[in-house]
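Any read-out appearing in this document is the output of simple, stated calculations on the displayed coordinates, not a laboratory observation. Quantities reported herein were computed from a predicted structural model and do not represent experimental measurements. Every residue, glycine as well, gets a Cβ built from its backbone with ideal geometry; the counts of neighbours run over all protein chains shown.
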Amino acid sequence: MNQRQLRNLVSLIVVIVVAVFGYFQNQKKGGSVGGGGTSCQDEFRAGQPGSTTPGLKLLCRNEYISLYDPARKVPLVVAEHLTAQELQGDVARTDNFQPDPELSSGQRAELNDYAASGYDRGHMAPAADFVAGQTQMQQSFYLSNMIPQNPEMNRGIWAGLEGATRACAKSLGEVYILTGPVFAGRARTIGPDQVAVPSSLYKIVVSGDAVRAFVLPNRSLTKTSDFTRYETTVDAVQSATGLTFFPGGGVNTAQNGTFCSSNYGG
């Protein structure tokens, strides 16, 4: 092989390596909707949650994954693998709410759906979990990470539960988190796109094979640091939502864990 052929071969190898690297980076950052491959599973504790709801889309972001329902215009579950290291950043909250650019009109909530609705744009994966990077912070403000949430609940007891979970992650080094809506009773929607309003919200926190699950009604609630009054089992949340949260097993779904008691109260 002469020098010219060698240079051409090296150039070809470089192009291939760059293309492959770009592909996997794009998958990690959520460049595709509804797919994602293995790099779109790293926020799940034991595999992608199962659901019988048709037409769901898997939206892959830098540090969270949303299993999204285009019919309801809300996520059914948002997954995070939250580490203590990720909480050491200093990126400021942006408040730059926006429709998800990966979803087409008719599949997504729009800003005017929430305007004058009486509901907050309630984060499922909270912005304060994403202080490690500007991209992560901005992605947390996609409306595909939101549900219509009672304002007093969102800014009060729910914010407290989110803070307790961050404190738990710092204490243990890492936790897996699943957050989403529960729909029960009369169906309610807001806005021209008929964004579904949940009756309750759940948050599931996993450490090893132990798990703590909380379900809070989507209404004004008295602020408290004792979240155990809203604690239940994963089995109960699965029954209420129709989701299978840990299809890969290895998590005790029938019994509440006791980790981070100083954070969750009781």
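Backbone amide hydrogens, once placed in the peptide plane, bring residue 182 within less than 5 Å of 199, 200, 201, 202, excluding anything fewer than 5 places away on its chain. Among residues other than residue 234 with Cβ under 14 Å from its Cβ, the summed charge is 0 (Lys and Arg +1, Asp and Glu -1). Residues of region 87-126 with amide nitrogen under 14 Å from the 7 Å Cα-to-Cβ point of residue 187? Answer for region 87-126: none.
Bridgeable aspartates and glutamates around residue 57 (alpha carbons under 18 Å apart, same-chain partners fewer than 8 residues away excluded): 42, 43, 69, 80, 100, 102, 110, 193.
Couplings 3J(HN,Hα) of region 230-244, computed from phi: 10, 7, 8, 9, 4, 4, 5, 5, 4, 5, 6, 9, x, 9, 10 Hz, in residue order, whole Hz [Karplus 6.51 cos²θ - 1.76 cosθ + 1.60, θ = phi - 60°; x for Gly and Pro]. Compute the Cα gyration tensor for region 33-264, then decide on rounded, prolate or oblate, letting a ≥ b ≥ c be the square roots of its eigenvalues: rounded whenever a/c is under 1.5, prolate when a/b is larger than b/c in the other cases, and oblate in all that remain. Rounded shape, in that the Cα axes give a/c under 1.5. Cross-link partners of residue 223 among aspartates and glutamates, defined as those whose alpha carbon lies under 14 angstrom from its own and excluding same-chain residues fewer than eight positions apart: 152, 162.
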